[in-house]
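A quick write-up on the structure given underneath.
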Amino acid sequence: MTKSHFKSTVLFGGGGFIGTHLAAHLLSIGTTDRVFLADLQPARIKGWPTALQEFNKQGKVAYIQLDVRQPITHPELPIETDLIINLAAVHKEPGGHVPHDYFATNLPGAENVCAWAEQVHCNRIVFTSSIATYGAEDKSGDEIKNEQSLPTPLTPYGISKLVAEKIHIGWQKANANRKLLIVRPGVIFGPGENGNVTQMIRAVLGHYFFYIGNRHTRKAGGYVKELYRSITWMIDQQDTTEQGIMLYNFAMNPSPTVEEYAIATNKVTGAKRWIPSVPYSLLLLGSYIIDGLGRAIGMRQPINPIRVRKLLKSNYIEPRVLNNSGYTYHYSLESAMADWYKERPSDWRK
């Protein structure tokens, strides 16, 4: 049980990977009595964490389909709530959306969530931003960025997230009784993720993963179960310190290298996959060919020049605020992967 307690919690964008894990955690440790998952997509209850499915059967979960790009009004939303967690965003990049989509969703979404918070007199928001706000990634991996680093986002996603942070900050500044917690996570992985880390694991185990000079490239990331532990920890820290605004990075410390992700995959599964190295220039040329053919036949391909260039760049993010708060990590990279594999081995197979 955490120190903080909320009668009800509304998670906008709560029907996805992070939201459902976070909701299950909040209910499991008694931080909240009931959660409302508000999301654009229909409920996929069978894909929820087992604990959340059980809470749903107990009537502690309400699922509401809505679009945060529109003014928020829905009869099934509570007329008052203690805590709002804003996870709603267009986030997949590169190649996931056209630039306009990031701004058309992430900015009105922030404005509408803050407006609804004011409407229901909620004085507490947790906003999930992104390390993409820090901007350019570093090829050498030597540049370590922390919460004091100047945000210089270069992508539509990173820019939209930084502006969304400012919208939430404006909401907090309007009333001294309000509390805002901003978390900037790296790549989050775990049961049901089905994203970049899942794809890498499958590639390693499927014998089609290889290094392109990026063996020591660092990729800031963290386990979803560590993320939700850190959020409830920082909520308690904010209550203790009475700070109106707190912002922290979330990632393992230090950020793992690509090789460390691959080694952990082999160790957890007992596999002994040899990983070859290929010239970066050869893969980049191949990505242009594959991307061009895919566009010609109207088929989106997972390999494109933007993704290949990104593979070579490090994003080394230090969670300095979290470390200074006294937070103790529960998972190493290997133990996180082992926990994931034990809970949902089907994620690791195509």
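Only the coordinates and a few stated rules stand behind these numbers; no lab work does. Because the structure is a prediction, the values reported are computed rather than measured. Reconstructed Cβ throughout: ideal geometry from the backbone, glycine too, with neighbour counts over all protein chains shown.
Structure notes:
- Peptides 45-54, 11-20, ordered by how many other C-beta atoms sit within 10 Å of their residues on average, highest first, read 11-20, 45-54.
- Amide hydrogen proximity for D82: with H placed 1.01 Å from N in the peptide plane, the residues at 5 or more positions away or on another chain lying under 5 Å are K7, S8.
- Within the shell defined by Cβ-Cβ distances under 13 Å, the residues around E76 carry a net charge of 0, with Lys and Arg each +1 and Asp and Glu each -1.
- Long-range amide H partners of G222 with built H, under 5 Å: V187, I188, F189, M252
- For peptides 281-291, 214-224, sequence by mean Cβ density within 10 Å, most packed first: 214-224, 281-291
- With K and R counted +1 and D and E -1, the other residues having a Cβ less than 14 Å from that of M234 yield a net charge of +1.
- For I64, nonlocal amide neighbours, meaning residues 5 or more places apart or on other chains whose placed amide H falls under 5 Å from its own, are L37, A38, D39.
- Calculated mean residue ellipticity at 222 nm for the chain: -12500 deg cm²/dmol, from DSSP H runs with n ≥ 4 weighted as -39500 (n - 2.57), summed, divided by the residue count and rounded to 500.
- Vicinal HN-Hα couplings computed from phi for the range 14-20 (Karplus, 6.51 cos²θ - 1.76 cosθ + 1.60; Hz; Gly/Pro x): x, x, x, 4, 6, x, 5
- Reachable lysines, given that their alpha-carbon falls under 29 Å from the alpha-carbon of K145 and they are not under 8 places away in the same chain: K92, K161, K166, K173, K179, K219, K225, K310, K313
- Whether the range 219-265 is rounded, prolate or oblate, judged on the alpha carbon gyration tensor where a/c under 1.5 counts as rounded: prolate
- Shape call, the chain: gyration tensor on alpha carbons, a/c limit 1.5: prolate
- Estimated at 0.36 nm per residue, the fully extended path between E80 and K7 surpasses their Cα-Cα distance by 25.3 nm.
- Computed over the Cα atoms of the range 171-318, pair by distinct pair, the Kirkwood hydrodynamic radius stands at 17.9 angstrom.
- D101-V278 FRET efficiency (beta carbon distance; Förster radius 22 Å; 0.05 resolution): 0.10
- The range 169-175 - phi-based ³J(HN,Hα) in whole Hz, Karplus 6.51/-1.76/1.60, Gly and Pro as x: 4, x, 4, 5, 5, 6, 8
- Taking a Cβ cut-off of under 10 Å around I275, the surrounding Lys, Arg, Asp and Glu residues balance to a net charge of +1, with basic ones at +1 and acidic ones at -1.
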